[in-house]
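Worksheet: the structure to be examined is printed underneath.
The values are calculated or read from the model by the stated rules, or taken from the named source; none is laboratory data. Not measured: the values here are computed from a predicted model. Using ideal geometry, Cβ is built from the backbone for each residue, glycine included, and neighbour counts are taken over all protein chains shown.
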Amino acid sequence: MSDVQYTPPPRQVLLFSGHMIDAPDRATPRFPPDKAPVAAAAIDDALKQLDANESDLAICSGACGGDLLFAEACLARGLRLELYLPFEEPAFLAGSVDFAKANWHARYLAVRSRARLHVLPAELGPLPPDENPYARTNLWMLDAALRLGAEKIAFICLWNGQGGDAPGGTEHFMNEASRKTQRIIWLDTRRLWG
């Protein structure tokens, strides 16, 4: 479990979930690589709306696309950052960062160097056979935020409003976060991409 103590405690806790950059062979585009600047601008606008600053904590995973864009924007504003990975780092990088090529691996390393890293199997033990690693990580991040106070949580979601490719994706996190906070900023990619 994440039992990190912050002094002073964060003013607000910004949770994030969002789509990864599309794999080169993705049949139906969801987050084309050329839309990364559009997503980054929308994330920055959401942080401005929340008046995010160095007194806040950001929690997200580290996948190429939404996660890293959010993490970079939060670090640029001086927020403390916690990254949560569903797998050991080499497996996570292979499946969620490196396939996208470009400079995502270097961006992940830059973010990681300034974040507190949490790795699911190392902290919570092996995944039970009936659990999805992504759903478990979503709940783990939400639980970490709740321990700091439900009233502090704001959830930012970069999502197309549709079901994911597998269980435990952005839709799952949106559903779970909606049960805990009304402070939700949904960056609807159907509108963002135009």
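If I filter the range 103-121 for residues that are hydrophobic (A, V, I, L, M, F, W, C) and over 25 Å from residue 76 (Cα atoms), do I get at least one hit? I'd like the intermediate steps shown before the answer.
Residues of the range 103-121 hydrophobic (A, V, I, L, M, F, W, C): 104, 106, 109-111, 115, 117, 119-120.
From what is left, the residues that are over 25 Å from residue 76 (Cα atoms) are 120.
Within the range 103-121, one or more residues are hydrophobic (A, V, I, L, M, F, W, C) and over 25 Å from residue 76 (Cα atoms).
Of a type in the set (Gly, Ala, Ser), assigned to a helix (DSSP H, G or I) and touching a residue at least 12 places away in the same chain (Cβ under 8 Å), is that true of residue 36?
On the way: of a type in the set (Gly, Ala, Ser): yes; assigned to a helix (DSSP H, G or I): yes; touching a residue at least 12 places away in the same chain (Cβ under 8 Å): yes.
In short, yes.
Can you tell me which of 150, 177, 166 is closer than 27 Å to residue 87 by Cα, of a type in the set (Gly, Ala, Ser) and within 13 Å of the chain's Cα centre (by Cα)?
When all the criteria are applied, what remains is 177.
Could you check the range 15-45 and list, in sequence order, the residues that are among the polar types (S, T, N, Q) and either crowded, with 19+ Cβ neighbours inside 10 Å or under 14 Å from residue 158 (Cβ atoms) (or both)?
If we filter the range 15-45 for residues that are among the polar types (S, T, N, Q), which is where we start, we get 17, 28.
Correct list: 17 only.
If I ask for residues that are crowded, with 17+ Cβ neighbours inside 10 Å and of a type outside the set (Val, Ile, Thr), which ones from the range 140-158 would you list? So that I can check it myself, show each step before the final result.
To start, the set of residues in the range 140-158 that are crowded, with 17+ Cβ neighbours inside 10 Å comprises 140-142, 144-145, 148, 152-158.
Hits for the range 140-158 are 140, 141, 142, 144, 145, 148, 152, 154, 155, 157, 158.
Within the set of pairs 6 or more residues apart or between chains, which connect a residue that is more than 18 Å from residue 68 (Cα to Cα) and modelled with pLDDT of 85 or more inside the range 157-173 to a residue that is among the polar types (S, T, N, Q) and part of a loop (DSSP other than H, G, I, E, B) with Cβ atoms less than 9 Å apart?
Once the first residue is more than 18 Å from residue 68 (Cα to Cα) and modelled with pLDDT of 85 or more and sits in the range 157-173, its partners that are among the polar types (S, T, N, Q) and part of a loop (DSSP other than H, G, I, E, B) give 171/162; 172/132.
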